[in-house]
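Everything on this sheet refers to the single structure shown next.
The values are calculated or read from the model by the stated rules, or taken from the named source; none is laboratory data. Keep in mind that what you see is a predicted model, and the values were worked out from it rather than measured. Neighbour counts run over all protein chains shown; Cβ positions are idealised from the backbone, glycine included. When the accessible area is computed, the model is the full protein with side chains, heavy atoms only, and any ligands, DNA or RNA have been set aside. Shrake-Rupley method; radii C 1.70, N 1.55, O 1.52, S 1.80 Å.
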Amino acid sequence: MRRTGRGGWTPAEPDELWTRWRRGESLRAIGRHFHTHLHAVGRFLAATGGCRRAPPTRAEAALTAAEREEISRGLAASDSCRAIAGRLGRAARPGAHDC
């Protein structure tokens, strides 16, 4: 399998690696499956502390790309912060005087 991205693992490979690790396969067997050296598997496990990381998530309050675009368009049109927030269905930031 081709190595890409951070750490050289494709996006699907860490899940497979964790599945094999939890089944009790040896580092050598896992490395053989991924066509890599057992030290690469060991480094991956050591870098994660031996624990599978939860997938990253955004806070619900975080703005989406579409919301950011709407804010940008509203500011370019000289709309007030309250008008922009109303269109987005969000509360205007208290004390936002620089809009």
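Got a sec? What order do T10, T64, T57 fall in by accessible area at 1.4 Å, biggest, i.e. largest, first?
I get T57, T64, T10, largest accessible area first.
Output the peptides 75-81, 24-30 sorted from most to least packed, where packing is the average of other Cβ atoms within 10 Å over each peptide's residues.
24-30, 75-81
Please work out how much accessible surface I84 shows to a 1.4 Å probe, ignoring ligands, DNA and RNA, in Å² rounded to 10.
Rounded to the nearest 10, that gives 10 Å².
Got a number for the accessible area of R73? Probe 1.4 Å, square angstrom, nearest 10.
150 Å²
Along the stretch 70-84, what does the Karplus equation 6.51 cos²θ - 1.76 cosθ + 1.60 (θ = phi - 60°) give for ³J(HN,Hα), rounded to whole Hz, x for Gly and Pro?
These are the phi-based 3J(HN,Hα) values: 4, 4, 4, 5, x, 5, 5, 8, 6, 6, 6, 4, 5, 5, 5 Hz.
What's the extension gain from A92 to R28 if we count 0.36 nm per residue and subtract their Cα-Cα distance? Mind showing how you got there, number by number?
On the way: separation 64, 0.36 × 64 = 23.04 nm, distance 5.63 nm.
Answer, rounded to one decimal: 17.4 nm.
Can you tell which of T10, A62, A91 lies farthest toward the positive end of the dipole of the chain, using +1 and -1 charges on the Cβ of basic and acidic side chains (Lys, Arg; Asp, Glu)?
Projecting each Cα onto the dipole axis, the largest value belongs to T10.
Hey, got the dipole for the chain? About the Cα centre, +1 on K and R Cβ, -1 on D and E Cβ, debye to the nearest 20?
Details: 18 positive and 10 negative charges, 108 e Å.
So the magnitude is around 520 debye.
For the chain, state the average projected area of the convex hull of the C-alpha atoms over all orientations, rounded to one decimal in nm².
For the chain, averaging the hull's shadow over all directions gives 9.6 nm².
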